[in-house]
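Colleague: This is the structure I want to talk about, given as structure tokens.
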Amino acid sequence: MYTQLSKDLGFELKRPGSLVVFYKKTEVLIARLLKFLKVTGLGHLIKPLRQFMKVPGLKWLNETEVNELEPNLKGRPIGGFWMTTMGIVEPHEVCMAFAENAVENGVEIKLETEVLDIEKTDDEKMRVITNHSIIECKYLINCAGVWADVIAEMVDDRFYTIHPRRGAIAIFDKSRKGFINTPCGVVSNTDRTNNTKGGGASLTPEGNMLWGPTVTDTPFKDEKTVEPQDL
Ligand SMILES: Cc1cc2nc3c(=O)[nH]c(=O)nc-3n(C[C@H](O)[C@H](O)[C@H](O)COP(=O)(O)OP(=O)(O)OC[C@H]3O[C@@H](n4cnc5c(N)ncnc54)[C@H](O)[C@@H]3O)c2cc1C
């Protein structure tokens with residue numbers, strides 16, 4: 001989908017792949033099991049694996065191959081699982097491309113406009129009260145990110161609350177270009193009980209290296225501080 005979207009909307013998409021690096025024998029064994037399920041097609045019988053079965057371009061690397069692909073990895077990796085088709089984009093470029101396309105198709109964008117309250121009317125419509133004007137509508141899409149629970153509460157939906165977590169990503173200068181060839185992570189980065197959102201060492205389409213993100217629970221939805229210990 002994104003290959004076509006990047007052509008249609010004119011944003012940059014690169015596919016450097018994504019590598020999961022193995023340091024433990026158990027990780028290699030689990031990867032071998034996944035390979036068996038993928039190659040034989042038996043993974044289709046296991047519901048949580050059905051999405052994985054559709055992913056093209058998967059490669060299982062041995063110790064030599066993983067070290068040849070990424071010679072700067074820490075410690076002694078003993079194998080890797082390389083998803084060669086994983087893609088990267090510049091998020092703001094994608095947002096701008098979608099916004100421009102929406103405007104071309106008749107959407108009106110109101111910038112610097114804050115939803116303060118929502119009133120339900122008798123004829124099953126809504127009056128969205130903003131800091132600039134009142135917008136009447138029949139349908140409202142709530143895409144307020146970590147503030148979505150606050151918007152939902154304006155229409156008396158108290159079904160969920162969002163507990164924010166802030167995170168930091170270190171972005172490196174382009175002079176470090178080539179330190180990694182493909183975004184890399186370790187299996188423990190998928191364990192959400194540790195101090196990362198998942199991730200590892202990634203890349204921007206321009207080639208800057210990104211490390212992170214960290215994760216820290218915060219009571220404040222708009223907290224964007226970066227502490228020295230994050231780095
Ligand atoms: C450090 C970090 C790294 C991440 N890395 C990745 C990654 O590599 N890949 C990935 O897929 N995801 C990543 N994520 C998650 C991703 O950024 C979010 O899931 C995504 O941005 C959510 O998009 P959204 O449109 O739902 O919400 P947001 O992008 O948060 O947009 C919500 C918008 O609603 C607006 N808003 C809120 N309240 C109101 C109001 N009352 N009135 C008007 N407007 C309002 C806000 O101003 C904001 O513009 C990362 C997140 C963090 C914090």
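Colleague: Would you call ALA201 of a type in the set (Gly, Ala, Ser), within 27 Å of GLU68 (Cα to Cα) and touching a helix residue (DSSP H, G or I) at 6+ places or on another chain (Cβ under 9 Å)?
Modeller: no
Colleague: Another question about this same structure. Of the residues PRO56, PRO91, only one is closer than 30 Å to PHE179 by Cα and within 16 Å of the ligand (Cβ to nearest atom); which?
Modeller: The match here is PRO91.
Colleague: Follow-up. Pick from GLY200, GLY178, GLY207: which is within 11 Å of the ligand (Cβ to nearest atom), modelled with pLDDT under 95 and either surrounded by fewer than 18 Cβ atoms within 10 Å (Cβ to Cβ) or under 20 Å from PRO77 (Cα atoms) (or both)?
Modeller: GLY200
Colleague: Looking only at the range 144-158, decide whether some residue is within 16 Å of the ligand (Cβ to nearest atom), at pLDDT 95 or above and part of a loop (DSSP other than H, G, I, E, B).
Modeller: yes
Colleague: Which ones in the range 100-119 are of a type in the set (Asp, Glu), in a strand (DSSP E or B) and either in contact with a helix residue (DSSP H, G or I) (Cβ under 6 Å, 6 or more places away or on another chain) or within 25 Å of SER6 (Cα to Cα) (or both)?
Modeller: ASP117
Colleague: Identify, by number, the condition in (1) under 23 Å from ALA201 (Cα atoms); (2) in contact (Cβ under 8 Å) with a residue 24 or more places away in the chain; (3) more than 23 Å from the chain's Cα centre (by Cα) that ASN67 doesn't meet.
Modeller: The single condition ASN67 does not satisfy is (2).
Colleague: Would a scan of the range 17-24 turn up a residue that is modelled with pLDDT of 95 or more, surrounded by 11 or more Cβ atoms within 10 Å (Cβ to Cβ), part of a helix (DSSP H, G or I) and on the phi < 0 side of the Ramachandran plot?
Modeller: So far as the range 17-24 goes, no, none of its residues is modelled with pLDDT of 95 or more, surrounded by 11 or more Cβ atoms within 10 Å (Cβ to Cβ), part of a helix (DSSP H, G or I) and on the phi < 0 side of the Ramachandran plot.
Colleague: Hey, any hits in the range 126-139 for a residue that's in a helix (DSSP H, G or I) and of a type in the set (A, V, I, L, M, F, W, C)?
Modeller: no
Colleague: Of the residues THR130, THR84, THR121, only one is surrounded by 12 or more Cβ atoms within 10 Å (Cβ to Cβ), hydroxyl-bearing (Ser, Thr, Tyr) and more than 22 Å from the chain's Cα centre (by Cα); which?
Modeller: THR130
The values are calculated or read from the model by the stated rules, or taken from the named source; none is laboratory data. This one's a predicted model, so the numbers in the text were calculated from it and none came from an experiment. In this analysis, Cβ positions are derived from the backbone assuming ideal geometry, glycine residues included, and neighbour counts consider all displayed protein chains.
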